[in-house]
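Read through the structure below, which is laid out as structure tokens, and then see the notes.
The values are calculated or read from the model by the stated rules, or taken from the named source; none is laboratory data. Remember, it's a predicted structure, so these values are computed and weren't measured experimentally. Ideal geometry is used to build each Cβ from the backbone, glycine not excepted, and the neighbour counts take in all protein chains shown.
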Amino acid sequence: MTGGILTDDAIRDALDHGGISIDPFDESQMNPASYDLRLGEGVAVYDKWVSSVVEQQYPRCGWHLVPLTSPSYPATTDDVLDAREEPLVTRFQISESGWILKPGIGYLMHTLERVCTTKFVPVLDGKSSIGRLFVQVHATAGYGDPGFDGQYTLEVTVAHPIRLYAGMRIAQIRFHTIHGTLRRPYDGNYTGASAHGAVPSRAWRQFK
């Protein structure tokens, strides 16, 4: 069970004394009980969920990605993304002109900031300003474990076409206090070097 939520003063104290690390850190992104996180430059899409990554070889703004929405899809079971298999992705970088997201496509994006805490439970949510644009920044993965160290991958979907920009504030993270003793260190699939950029699902590892 988690306890109370850290205030801005408590977050600042934890940053000063090693309980929380945020890199890069900017005081202007602090809220009364959370910290704003910005959108990083990387984008990844699952190859089996887009029918074309090309009208240009590397779309500059994402508009040319086409979702697989045909009534006849999938043609065979080979066209289905299988949770037991490591998924193939195509990666892009957001340019200065931004990235256009479309309904029907799941986008793996990531935070610019690397966050680490061993003493608190981090929880990430989309900012209200982003929610009011009908952008969902994560499917179910807003909860973090003590010991996670890395950028947060965002599972982004939209209700309507929208252009987003690297560096804009996309989410906010809050920190909960912990009751009890942690019996085991964090050893999840996503941390450190494995939590940099937009990281695809590693659900397939549980079957190996």
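So which of Asp145, Asp149 ends up being acidic (Asp, Glu), touching a strand residue (DSSP E or B) at 6+ places or on another chain (Cβ under 6 Å) and surrounded by 15 or more Cβ atoms within 10 Å (Cβ to Cβ)? None of the others qualify; the one that does is Asp149.
Under the condition of being in a helix (DSSP H, G or I) and either free of Cβ contacts under 8 Å to residues at least 40 places away in the same chain or of a type in the set (Gly, Ala, Ser) (or both), the residues counted in region 17-50 number 3.
Against the list (1) surrounded by 11 or more Cβ atoms within 10 Å (Cβ to Cβ); (2) modelled with pLDDT of 80 or more, the condition Cys61 fails is (2).
Residues of region 1-16 being assigned to a helix (DSSP H, G or I) and among the small types (Gly, Ala, Ser), which ones? Spell out how you get there, then give the answer.
Applying the first criterion (assigned to a helix (DSSP H, G or I)) to region 1-16 yields 8-16.
Within region 1-16, Ala10, Ala14 qualify.
Applying a threshold of 6 Å to beta carbon distances and a minimum spacing of six or more residues, or different chains, the list of pairs starting in region 105-133 at a residue that is of a type in the set (A, V, I, L, M, F, W, C) and ending at one that is modelled with pLDDT of 95 or more and part of a loop (DSSP other than H, G, I, E, B) reads Leu112/Gly40.
Look at (1) surrounded by 12 or more Cβ atoms within 10 Å (Cβ to Cβ); (2) at pLDDT 90 or above; (3) more than 30 Å from Ser21 (Cα to Cα) and you find that Arg114 fails only one, number (3). On the basis of being farther than 23 Å from Gly19 by Cα, out of contact with any Asp or Glu (no Cβ under 9 Å at 6 or more places or on another chain) and modelled with pLDDT of 95 or more, does Leu133 make the cut? Spelling it out, Leu133 is indeed farther than 23 Å from Gly19 by Cα, out of contact with any Asp or Glu (no Cβ under 9 Å at 6 or more places or on another chain) and modelled with pLDDT of 95 or more. Counting only strands (runs of 3 or more DSSP E) that sit wholly inside region 84-162, those with at least 2 residues that are among the hydroxyl-bearing types (Ser, Thr, Tyr) are 107-117, 149-158.
Against the numbered list (1) crowded, with 17+ Cβ neighbours inside 10 Å; (2) under 17 Å from Val45 (Cβ atoms); (3) modelled with pLDDT under 95; (4) within 12 Å of the chain's Cα centre (by Cα), Ala139 comes up short only at (1). Answer with yes or no whether Leu6 is in contact with a Leu (Cβ under 7 Å, 6 or more places away or on another chain), aliphatic (A, V, I, L, M) and at pLDDT 95 or above. Against the criterion (in contact with a Leu (Cβ under 7 Å, 6 or more places away or on another chain), aliphatic (A, V, I, L, M) and at pLDDT 95 or above), Leu6 does not qualify. Does Arg163 qualify as being in contact with a strand residue (DSSP E or B) (Cβ under 9 Å, 6 or more places away or on another chain), surrounded by 14 or more Cβ atoms within 10 Å (Cβ to Cβ), modelled with pLDDT of 85 or more and among the basic types (Lys, Arg)? Criteria not met by Arg163.
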